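Worksheet for the structure shown next.
Laboratory data are not the source of any read-out in this text; all were calculated from the coordinates shown. Keep in mind the model is a prediction, meaning the values are calculated, not measured. Reconstructed Cβ throughout: ideal geometry from the backbone, glycine too, with neighbour counts over all protein chains shown.
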Amino acid sequence: MPQTTEKSQNLTINIGEINRLEIMRDTDYGYFLEAKDGNEVLLPNVYIMEDEMPMASLIDVFVYTDSEDRPVATTKMPYAKLGEYGFFTVVDYKQYGAFVNWGLPKDLFVPLSQQKEHFTVGKKYLLRVCLDEQTGRLYATQKIGKYFNRDMKGLHKNRALDAIVLAKTPLGYKVVADNQYEGMLFTNEIFENTRIGDRKKVYVKNVRKDFKLDLSLQPIGKKAKIGEAEGIIIQLLKEGEGILPFTYKSDAEDIKETFGISKKNFKCTLTELIERKQIQLTDDSIILL
């Protein structure tokens, strides 16, 4: 874990987040790290690399609570932090709730009251990481509707967002974009394998009056789509030693599987690349020039 000085030390210790803290004390149990307000948290010995963690240096750690609800630091990062969404596997189930693997030694608790259905051990669920303000404990919830942001300021057509696929519907896939917006990817515009839990780069297609987003996996507009498709085709040509067995007449499903784009977009992109003399088309293949 390298030391870093680009950002300043945390003012306070924030549970569920990455904290930049100063190494203050070496004890039998590990290093005690300090925020500017003087509060400390233990980084256990198992995470300490002395050569990369000299005293008084600043390091980035994730802070959560241990089995006794005491704040503890780790250099390991969870699958999702506070306020983020993840696709977590259930590892244990009790009458009062479930426990899911979120990448840390202590599993994340999902209270019974936060489940929309009966959880099954071994199955994955899309959950949001939350903080109980009264106890300081992190927990996960399946009831995510109340967390969606209805303030659409700053969102515009073609803005790129990071999204996680939430559920499959008759229209396509519901997603959570930028950990705050509810959106939809429509089946007839999806040209790559998509599953619940997948993380995708998406583009705003339309900001709806019901505070939801219509999204696309490709940039909006002919020029934008062609520009992205060009990069894909050229890269695959380079990886294929300058030749690929595709033409204008290639099957739409084969194009979708290989390039992740529609046949219409594929044909338009080939034409652009031919006109710029970047590729040559034969009867049965594309050749990189």
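In deg cm²/dmol, rounded to 500, what helix-only [θ] at 222 nm does the chain give when every DSSP H run of at least 4 residues adds -39500 (n - 2.57) and the total is split over its residues? Could you put the intermediate results ahead of the total?
Values: 3 runs with 39 residues, N = 289.
So the helix-based figure for the chain works out to -4500 deg cm²/dmol.
Scalar couplings 3J(HN,Hα) for the stretch 115-121, obtained by applying the Karplus form with A = 6.51, B = -1.76, C = 1.60 to θ = phi - 60°, are 9, 8, 8, 6, 7, 10, 4 Hz; x denotes Gly and Pro. Positive-end ranking of 47, 142, 246 along the dipole of the chain, with charges on Cβ about the Cα centre, is headed by 246. In angstrom, the C-alpha Rg and Dmax of the chain are 24.1, 72.
Cβ neighbours within 10 Å, averaged per peptide: list 272-281, 104-113 in order, most packed at the top. Present the calculation step by step, with values, prior to reporting the outcome.
Working: 272-281: 14.5, 104-113: 16.1.
Packing order, densest peptide first, comes out as 104-113, 272-281.
Ranked by the mean number of other Cβ atoms within 10 Å of their residues, highest first, the peptides 185-196, 207-218 fall in the order 207-218, 185-196.
Determine, for each peptide in 23-29, 41-47, 124-130, the mean count of other beta carbons within 10 angstrom over its residues, then list the peptides with the highest first. Kindly include the intermediate steps, with their values, before the conclusion.
Values: 23-29: 11.7, 41-47: 16.6, 124-130: 21.0.
Ranking, from highest mean packing down: 124-130, 41-47, 23-29.
Charging the Cβ of each Asp and Glu at -1 and of each Lys and Arg at +1, and nothing else, the dipole of the stretch 85-145 about its Cα centre rounds to 140 debye.
To the nearest 20 Debye, how big is the dipole of the stretch 222-288 about its Cα centre, given +1 on the beta carbon of each Lys and Arg and -1 on that of each Asp and Glu?
420
If you scale each eigenvalue of the Cα gyration tensor by 5 and take the root, what three semi-axes come out for the stretch 134-289, rounded to whole angstrom and sorted largest first? Please report the intermediate quantities before stating the final value.
Numbers: eigenvalues 271, 50, 36 Å².
Listed largest to smallest, the semi-axes of the stretch 134-289 are 37, 16, 13 Å.
Give me the number: length gained by fully extending residue 84 to residue 267, i.e. 0.36 nm times residue separation minus the C-alpha to C-alpha distance, one decimal in nm. Intermediate results must be reported in sequence, preceding the final value.
Working: separation 183, 0.36 × 183 = 65.88 nm, distance 3.87 nm.
That works out to 62.0 nm of additional length.
As a proxy for reagent exposure, ranking 20, 199 by other Cβ atoms within 10 Å from fewest up yields 199, 20.
Holding the Cα-Cα limit at 28 Å, pick out from 157/264; 205/263; 94/212; 168/249; 123/143; 76/123 the pairs that are longer than that.
Details: 157/264 22 Å; 205/263 20 Å; 94/212 35 Å; 168/249 32 Å; 123/143 17 Å; 76/123 24 Å.
Exceeds cut-off: 94/212; 168/249.
Computed 3J(HN,Hα) for the stretch 124-131, one whole-Hz value per residue from the Karplus formula 6.51 cos²θ - 1.76 cosθ + 1.60 where θ = phi - 60°, is 9, 9, 7, 9, 10, 7, 10, 10, glycine and proline marked x.
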